[in-house]
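Here's the structure we're looking at; comments come further down.
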Amino acid sequence: MFSSIPSITRRLLIANVVVFVLQSLLGLSESTRAWPLWFELWPWVPSQFEVDGPGFMPWQLLTSGFMHGGIGHLVFNMLALVMFGASLEYQWGARRYAIYYFVCLIGSALLQLLFASIAIYDGQLYLTLGASGAIYGLLLAYGMLFPNRRVTLLPFPIVLKARTLVIIYALASVFYGVFTTGTGVAHFAHLGGMIVGWMVIRYWRKYPPKNGGGGGGGGDNARRDARLEAIRERRRASKLRVVK
C-alpha cells in the first residue's frame, strides 16, 4: 500500500514524519528543547518590541511547513496529503506537482507572516508550524480538477462532492480567521494556501505546459474528469435501479 503512493507524495510523507520524530526527540532534553524554535515561523518583530526567541528567519517559510504541533496534527495533514496529493501527482506528474506543493507552502507562510506581524502591534505573538497551508492548496486543486468526486468531510463521516468540500473549508477559514482569535490554528495560512493554489492553477490554464503532459490542470482536463465522473454516477444509479 505504501509503495502505491507516488514518489513526491511519498517523500513528503516521509519528510514530515522524520521531522516530527526529530522534534519529539529534541523536546526530551532541556538543552535542546529550544532548537525547534529556530525553524518555526516567527512574525516580523519591529525593533520597539522584544521577544524571547530568534524571531523571523527566511528559511522558516519552508521549514515550518514540515513541523507539527502534535501527533493528531501530523496524522490529519498526512492523511489529507495522501488522499488529495496522490491523485494530483498522477494527474500532473512529479515535477509540476512538486512545484505546486512548495509554491502553496511558501505562499501560505507569507500570508500568515503578514497577519502574525500585524498582530504584534496588538500584543499577540503567533508562532506557526504545520503543512496545512500546502494541504489546503492540494484540497483546492483537487476540488477544481475532480469537482464531482466523492470525499469525506474530515473528521466527520460525511461524504460530499469535492467542490462542496472545498467551499466549506474555504468559508470556515475565512470565518475563523476574521472572527476568532487565540484558537491556535493558522486560518490565514489555510486560506493563503487556497488563494495561491487558485492563482497557480489559473496561470497554468492560461499558459498550459508546452510538453502537453496535462500538467497544467487545464480546463479541458477538469471538464473531461467532470464528464467521466458524471457518467460513472449515472451508471451507479442505473445499477441501483436494476437491483431494486
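In segment 1-55, of all residues being more than 25 Å from the chain's Cα centre (by Cα), of a type in the set (S, T, N, Q) and open to solvent by less than 70 Å² (accessible area, probe 1.4 Å), the one that is farthest from A94 (Cα to Cα) corresponds to S29.
Residues are listed down the side, and each one gets a yes or a no for (1) open to solvent by less than 20 Å² (accessible area, probe 1.4 Å); (2) in a loop (DSSP other than H, G, I, E, B); (3) modelled with pLDDT of 85 or more:
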position: G137; (1), (2), (3): yes, no, yes
position: P157; (1), (2), (3): no, yes, no
position: Y169; (1), (2), (3): no, no, no
position: V178; (1), (2), (3): no, no, no
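Residues considered: I99, I71. Of these, the only one that is over 25 Å from M144 (Cβ atoms), surrounded by fewer than 18 Cβ atoms within 10 Å (Cβ to Cβ) and touching a helix residue (DSSP H, G or I) at 6+ places or on another chain (Cβ under 9 Å) is I71.
In segment 1-50, what residues are touching a Ser or Thr at 6+ places or on another chain (Cβ under 6 Å) and assigned to a helix (DSSP H, G or I)? Give the steps one after another, and end with the answer.
Quick first cut of segment 1-50, residues touching a Ser or Thr at 6+ places or on another chain (Cβ under 6 Å) only: 26, 39-41, 43-44.
L26 - this is the single residue of segment 1-50 that is touching a Ser or Thr at 6+ places or on another chain (Cβ under 6 Å) and assigned to a helix (DSSP H, G or I).
Among the residues of this structure, Y90 does not count as one that is closer than 29 Å to P58 by Cα, in contact (Cβ under 8 Å) with a residue 40 or more places away in the chain and under 18 Å from the mean Cα position of the chain (by Cα).
The requirement of being modelled with pLDDT of 90 or more and farther than 13 Å from C104 by Cβ is not satisfied by N211.
The values are calculated or read from the model by the stated rules, or taken from the named source; none is laboratory data. Since the model is a prediction, treat every value here as computed from it, not as a measurement. Methodologically, a virtual Cβ is constructed for each residue, glycine included, from the backbone with ideal geometry; neighbour enumeration extends over all protein chains shown. For accessibility, only protein heavy atoms count, side chains too; no ligands or nucleic acids. Shrake-Rupley method; radii C 1.70, N 1.55, O 1.52, S 1.80 Å.
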